[in-house]
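Down below is the structure, laid out as structure tokens.
The values are calculated or read from the model by the stated rules, or taken from the named source; none is laboratory data. Remember, predicted model here, so these are calculated numbers, not experimental data. Here the Cβ positions follow ideal geometry from the backbone for every residue, glycine too, while neighbour counts run over all protein chains shown.
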Amino acid sequence: MRNPGWAKSYLFKVPLSAGESYVHRISKAVIRDDAADKSSGKAKYLSDLRLPGMLYLVVKPADIQHARVLNIYIPKLPENYTVITGKDFKGQNRATIIAEDWPFFAEDEVLYYGQPLLAVAGPELDICEELCSKITAEYEGLPAVSTIEEAQEFFNDFHIVKGEPEQAFKNAALTFDNAYRTGMQEQAYMEPQAMIADFQNGMLTVQGSMQCPYYVKNSLMNALALNADKVRVIQTVTGGAFGGKEDFPSILAGQAAAAAIKTGRPVKVVLDRRLDMQLTPKRHPSLIQIRTAVDQEGQITAMDIDCRIDAGAYQTLSAVVLERAIFICTGAYNIKNVHVRGRTMKTNHIPSGAFRGFGGPQAHFAADMNMHFLAHTLGIPPLELKKKYLYRQGDHSVTNGTFRDQIKFNEMIEKIEEASEYSSKWEEYNRKAGSRPYKGVGISFAAHGGAFTGSGEQDIIKSLVRLSAESAASDEYIVRVLVSNVEMGQGASTTLRKIVAEAMHLPLERIIFNQSDTSEVPDSGPTVASRTIMIVGKLLHDAAKDLLQKIDSGPLPTKEKPIETGKRYVHPQEFEWDESTFTGDAYPGYSWSVNVVEVEVDPLTYVTKVIGSWAVYDVGTPIDIQIVKGQMQGGTAQSLGYAYLEKMEMSNGRPAQLSFTDYTIPTTLDFPDLQCRFIDNPYRLGPYGAKAAGELPNIGPAAAFAAAVSQATGTIITAIPVTPEKLEAELR
Amino acid sequence: MSPPFTVDFEIDGRSVSLETRPDRRLLDLIREDVGITGVREGCGGGECGACSVLLDGRLINSCCMPAVQMKGCNITTIDGFAKTEEFTLIADAFAEAGAVQCGFCTPGFIMATAALLSHNPRPTDEDIRTGLSGILCRCTGYTMVIEAVKIAVEKLAAADLQFNQQTPTSKTMKATSLSPQTIADAIRLLNQGYRPVAGGTDLIVRRHALLKSEPKNAGTGNLFSCRQIVETNRMYQENGRLNIGSSVSLTDIIGFPGCPPLLRKALSSIGSPGIRNAATLAGNICNAGPAADSLPVLYLLNAKIHTSGGSGTRDISIEDFITGPGRTLLQPDELVLSICFKIPDEAAGEHGWIFKKVGTRAANALSKLSVAALWKNANNTLTDFRLAIGACAPTVIRSFEAEQLIIGSTTRELEQHLPQYLAVYGKLIRPIDDQRSTAAYRKNTALKLIEHIIKTAGNIHRNENKKW
């Protein structure tokens, strides 16, 4: 072994705070490699960059919900100003976002309010804006579809059957019908979407804020009819994404690239907050109807679930969001007989898109609140009822897959009781029902399947990672991590390096992770689906072991002769999946959580205050306890915002809240410290036992919040966000 | 377009002199003209705080600070602050606590931490949460950010570092065309079509948004600053009355010992520390927004608006001054110099007050509705009672009819006539549905709050939870 003395390798600077513990060495927190530049303001986000001769691009959105475009009036343009339209795409005026249906610019028909009609490129930003404001369109209005209920058309209609639901309903002593609704949610990353495109000597280079450089690259190749070697995509420091920079960057990159090709100049586009909120996809609103069968003994025997999500005007990736929702449509609960129908409804709304959790938050809200309803109706304390149905190892999922690994809900419940005193609070508030201020406490359980569906990681993503070792000093070498998964705030540049460092017994400083550049890194897949550590991290771990062996058995790498190794994902044979019938193991591994939220509701104003939030997670081995904790707390805040603060209403297809003044994400004063703990349950197929983590905290808290408000107000909450207006109308 | 305008100020220790529009945002001056990119635009609306800088040692949002107010100011950005030892300790604390994720908001948090700790080296948890409440973060859920500030407190104490208390540069400046020092000069500018700005946290956000979407309606850059006019910078107590100059920031009013607690509470509910450091009471009044949080209290206090203009000075009662949403009696050649009111008695036991704002969230929130009340209860008889409601009609509601009915009533009479009082208020409450709330919610909640206030004031229910 050439690199002994690795014990000094980690920057063991972070003291453990009270109550924090870790079992595995790799979980020990290190200082993030990007903290210093981000703190001092030196990190360069896209909006901080300028290229010589650069033009600005301003998009003109349509101000009508559904219409035929009869005419577009463009004023006389000053010199060096150009209009970009759908005709400027040599390949296709469609972005590739799984489906290929969303146009960069509307053609004959506008399908949603805010759909880009065209864009203006030119040297002065304010003149581009002024020109855009002078462009007008003549429309012939068409009837618009604005709600899931109104919608007749759908892009997908999926059915899954587990067990014998029909028989179970026939034998039911009682059946219950309930409907659950979740709202639209804005990702609200702090850095608005931004891109720069440059086309020189037949080569297109696009830089920008994004999660998935190869998604953007593929979309550009298809849209602009360019070969793979003529398109280079570089991810710039990304100021938050949360799914919001999975799909839309392909649109913005296409618009900027078409302008760069047309003008021959670098083109920069930075959305201001209002435009960002107006133009970009949000979390799918949902309407989930659940019919539940209960037998003579009070056992829940079956559920018939109708899950509709608002896909908006174009399909894009909605089918996959729907899949995630219906695969987990009973939440963390084992229901023996299930029929689920799922549809992606077509409306005249902005296409809904990716948002952390990706269908999971909607499905879990409905599933968990339905259990809450059943507990209430059957006269059983919610935790007692929920506990009885929690998934256990060996149980079958809705898709008839098998939960192969240990599920430690008992330990998790024990831990959350200890932290939150849920049961004693629940009993106390139950006893004091109606006393002021109204108080309540709620508990929810959640599951999240890591990575792509079924064998998608092998068949569709074909994830490939590379490591490259080259000499740094005489007897030292550095290792470059070459992956297309990006650092977007979640800490991947630190955690992936830690995995390689640990596998190769190298000091962390010698592992290099750069911003992703498609001219340097292979396609290891998108930075989505909580797959970065679980899938890519594992590939890197295995590649690192190979690389170490190569280095140990040959000459040291040099600058001229680096030693490289690659690893491609192979789906473990134990998993079976039939994509055509949605049967089998939908995901290779699941992460689990339990959330408790405690609230106080003002009896006069119905304003709810979160007075406590606790969570226990099973994410396998946290690769860095502090980074994972940061993910859990941040995700919890987003889910609590989703539950009661963040309201995005459509008024004639037009979002009513288009600023941070009106769309209110949580501030420092909205919650107390968000408590979280982990249990130890290493995942056998993950790097050092790690599995999916990033999305899990976005899934459970909303239902725990709603359960708490339900107890506080004595009504069952069936829709989020739970605004004071809704509570007042309900309790008036 | 207005004639060229030059602004001189200090930024991170160097003097700059920039030719620009008077209404250009400080944020744009910093990023584009000076070239410091660590100050960032996250929302352009004074909400997210990514553009935070220190102005004369105080935290402000540079996205809502117009160039015309920068004359002679001393700006510290993250770029300059990063060169200090204090920065190193705070940044280390943020890294150790895990408070840095995507990093877009981090410089804002660090500037807010510096601003907080420079005047409050041992903050409580509540102080920290309030001090940082104007910086939005979508990644962390704030828990680790709060922890980072606590670690920074320890580090700074251990290093025995004291922040330089940056005080406003008291260099006397030559009056320039757009920062007049006398009322006469200001009136001259008004007559030339210039408009006064006092803070700008609302005006600049609106103007910038309009510039982007409807440049033709955004008007010109014809703004001038009132900050150099001595009369607008004073705050003093005289003969039981409080005079507040139109350039005095909300922070200074809140911190003034003579400020009535009721007004202090209302002003503290506006925006965030960065907004309160720039915003003024005169600005809040002249915007005349139906949801302006200072207005219900000013109505209760029978505040007078002191103006000066071409045809002399006027003292106008706040109720007359505000004529509708965004509309006031202020003439084009008239300037608000100060706001004045009699400070209410505070004799122990008998006096009470309530200010209740129902906002969109816990901090940096706009009002869905607000209710303010002030009373005196002597031996279970209400000898004074005033109540005003915000955001429930085009202007603030204050009913003298209801107040006359209520004043002089005993506890028993109040209980008996409560429905009648509520009916009077009910007729006046005419709210609307908008993007923040519904008319029904506003009306029902306002009436419940009024009922609660009358019961509290009249000692009808003493045991009710009063901790608002």
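Assorted remarks:
- Filtered by the rule that a residue be under 13 Å from residue B:78 (Cβ atoms) and outside any loop (DSSP other than H, G, I, E, B), segment B:29-67 gives B:30, B:31, B:34, B:52, B:53, B:54, B:59, B:62.
- Checked against the criterion of being away from chain A (no Cβ under 14 Å) and at pLDDT 95 or above, the candidates B:40, B:25, B:31, B:58 yield just one match: B:58.
- Here the helices (runs of 4 or more DSSP H) wholly within segment B:270-357 that include at least 3 residues being within 30 Å of residue B:116 (Cα to Cα), in contact with a strand residue (DSSP E or B) (Cβ under 8 Å, 6 or more places away or on another chain) and within 14 Å of chain A (Cβ to nearest Cβ) are B:273-278.
- Criterion violated by residue A:133 - all others in (1) touching a helix residue (DSSP H, G or I) at 6+ places or on another chain (Cβ under 9 Å); (2) farther than 19 Å from residue A:72 by Cβ; (3) of a type outside the set (A, V, I, L, M, F, W, C) satisfied: (2)
Conditions tested, residue by residue: (1) within 14 Å of another protein chain (Cβ to nearest Cβ); (2) crowded, with 24+ Cβ neighbours inside 10 Å; (3) acidic (Asp, Glu).
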{"residue": "A:149", "(1), (2), (3)": "no, no, yes"}
{"residue": "A:160", "(1), (2), (3)": "no, no, no"}
{"residue": "A:163", "(1), (2), (3)": "no, no, no"}
{"residue": "A:171", "(1), (2), (3)": "no, no, no"}
{"residue": "A:195", "(1), (2), (3)": "no, yes, no"}
{"residue": "A:201", "(1), (2), (3)": "no, no, no"}
{"residue": "A:204", "(1), (2), (3)": "no, no, no"}
{"residue": "A:209", "(1), (2), (3)": "yes, yes, no"}
{"residue": "A:214", "(1), (2), (3)": "no, no, no"}
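- Of all residues in segment B:178-194 being in a helix (DSSP H, G or I) and under 25 Å from the mean Cα position of the chain (by Cα), the one that is farthest from residue B:66 (Cα to Cα): B:183
- Total residues in segment A:42-75 satisfying the condition of being within 11 Å of chain B (Cβ to nearest Cβ) and part of a loop (DSSP other than H, G, I, E, B): the figure is 6.
- The listed residue being at the interface with another protein chain (Cβ under 9 Å from one of its Cβ atoms), surrounded by 24 or more Cβ atoms within 10 Å (Cβ to Cβ) and under 30 Å from residue A:515 (Cβ atoms), out of B:100, B:53: B:100
- Residue A:346 over 30 Å from residue A:62 (Cα atoms), surrounded by fewer than 24 Cβ atoms within 10 Å (Cβ to Cβ) and of a type in the set (Lys, Arg): no
- Verdict on residue B:86 being modelled with pLDDT of 95 or more and more than 10 Å from every other protein chain (Cβ to nearest Cβ): yes
- Exclusive hit being surrounded by 24 or more Cβ atoms within 10 Å (Cβ to Cβ) and either more than 9 Å from every other protein chain (Cβ to nearest Cβ) or outside any helix (DSSP H, G or I) (or both), set B:157, B:91, B:112: B:112
- Criterion (away from chain B (no Cβ under 14 Å), surrounded by fewer than 24 Cβ atoms within 10 Å (Cβ to Cβ) and under 25 Å from the mean Cα position of the chain (by Cα)) met by exactly one of A:521, A:528: A:521
- Matching helices (runs of 4 or more DSSP H) fully within segment B:375-465 where at least 2 residues are closer than 28 Å to residue A:435 by Cβ: B:411-428, B:439-457
- In this structure, residue B:366 does not qualify as hydrophobic (A, V, I, L, M, F, W, C) and under 23 Å from residue B:183 (Cβ atoms).
- Filter result for residue B:318 (closer than 19 Å to residue B:241 by Cβ and out of contact with any Cys (no Cβ under 6 Å at 6 or more places or on another chain)): yes
- Residue check, residue A:693 within 17 Å of residue A:616 (Cβ to Cβ), buried (at least 20 other Cβ atoms within 10 Å of the Cβ) and in contact (Cβ under 8 Å) with a residue 40 or more places away in the chain: yes
- Qualifying residue in segment B:225-236 (condition: assigned to a strand (DSSP E or B), exposed (fewer than 15 other Cβ atoms within 10 Å of the Cβ) and in contact with a strand residue (DSSP E or B) (Cβ under 6 Å, 6 or more places away or on another chain)): yes
- Members of segment A:653-685 found to be within 29 Å of residue A:598 (Cβ to Cβ), free of Cβ contacts under 8 Å to residues at least 24 places away in the same chain and of a type in the set (A, V, I, L, M, F, W, C), listed by number: A:669
- Condition check for residue A:730: more than 7 Å from every other protein chain (Cβ to nearest Cβ) and touching a Pro at 6+ places or on another chain (Cβ under 9 Å): no
- Residue satisfying condition, being buried (at least 24 other Cβ atoms within 10 Å of the Cβ), within 30 Å of residue A:709 (Cβ to Cβ) and of a type in the set (S, T, N, Q), within set A:444, A:424, A:463: A:444
- Among residues of segment A:118-147 being touching a residue at least 40 places away in the same chain (Cβ under 8 Å) and assigned to a helix (DSSP H, G or I), the one that is surrounded by the fewest Cβ atoms within 10 Å (Cβ to Cβ) is A:134.
- Test: residue in segment B:347-360 that is over 30 Å from residue B:142 (Cβ atoms), more than 26 Å from the chain's Cα centre (by Cα) and at pLDDT 95 or above: no
- Scanning segment A:552-606 for residues being in a strand (DSSP E or B) and on the phi > 0 side of the Ramachandran plot gives a total of 1.
- Qualifying residue in segment A:580-595 (condition: buried (at least 24 other Cβ atoms within 10 Å of the Cβ), within 14 Å of chain B (Cβ to nearest Cβ) and touching a residue at least 12 places away in the same chain (Cβ under 8 Å)): yes
- Flag for residue A:632 being modelled with pLDDT under 95 and closer than 27 Å to residue A:329 by Cα: no
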